[in-house]
Amino acid sequence: MMPAHVPRILQWLLPGYVWRMPGREKVLHLTFDDGPIPEVTPWVLDELAGHEAKATFFCIGRNCAAHPAIVDRIRAEGHGLGNHTWDHPRGRRTPLADYLANVSAAQPLTGTPAFRPPYGSLTRAQSKALRPTYRIVLWDVLSGDYDTRLDGARCTRNVIRHARPGSIVVFHDSLKAEARLRVALPAVLAHFAGQGYRFAALPFAMAG
């Protein structure tokens, strides 16, 4: 299991990535990977709307192609979009040319500079090739909702314990994560709203 919080030393050692957003204002940047899918993403959008929260969706290209109406809703409701590749390859197991082609295939469907590699995994060559075109977004807080060994309460605690102003928090709008997400997301929204936080999309993930 990956740690819920990325140590600051690792963020410092890898400065070419976006780990969190600067500033001390009480703002969190919730992000959702692996959608959009009709079973989960519309529910996420409803939950966000209930708190006037904006988020960023790192979408898989083939899911965007299959569910364009959900992509349209994400945009229409003021959320950000990012590229999460066409079909979720693992960077360190994929040749450079194949990986870049996979990213490029998804880009017309998302259309912003925001990119998150699946599993947070890139080779040095992949990173070097992508950085001139994309803002490569990782995270400083991982909910763990993808991990079937956890429950929703643990995912909630992961976020509440580690998130702070400017944090980029990872959730997943996927079938695998759904059971934990449906517990954790409402609880996280309610907790941080009660602490005076607002929830914002990543500014470079907004369609022009």
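Taken together, the values in this text are just the output of simple stated rules run on the coordinates, not laboratory data. Please read all numbers here as calculations on a predicted model, not as lab measurements. Neighbour counts are summed over all protein chains in view; Cβ atoms, including those assigned to glycine, are modelled from backbone coordinates with ideal geometry.
Of note:
- Single residue of L81, L109, L96 found to be touching a residue at least 60 places away in the same chain (Cβ under 8 Å) and either surrounded by fewer than 16 Cβ atoms within 10 Å (Cβ to Cβ) or touching a Cys at 6+ places or on another chain (Cβ under 8 Å) (or both): L81
- Count of the range 112-140 residues which are surrounded by 14 or more Cβ atoms within 10 Å (Cβ to Cβ), over 19 Å from the mean Cα position of the chain (by Cα) and assigned to a loop (DSSP other than H, G, I, E, B): 1
- Of residues in the range 39-61 being out of contact with any helix residue (DSSP H, G or I) (no Cβ under 8 Å at 6 or more places or on another chain) and part of a helix (DSSP H, G or I), the one surrounded by the fewest Cβ atoms within 10 Å (Cβ to Cβ): D46
- Qualifying residue in the range 181-199 (condition: over 21 Å from W43 (Cβ atoms), under 13 Å from the mean Cα position of the chain (by Cα) and crowded, with 18+ Cβ neighbours inside 10 Å): no
- Test: residue in the range 11-24 that is more than 17 Å from P117 (Cα to Cα), under 15 Å from the mean Cα position of the chain (by Cα) and not hydroxyl-bearing (S, T, Y): yes
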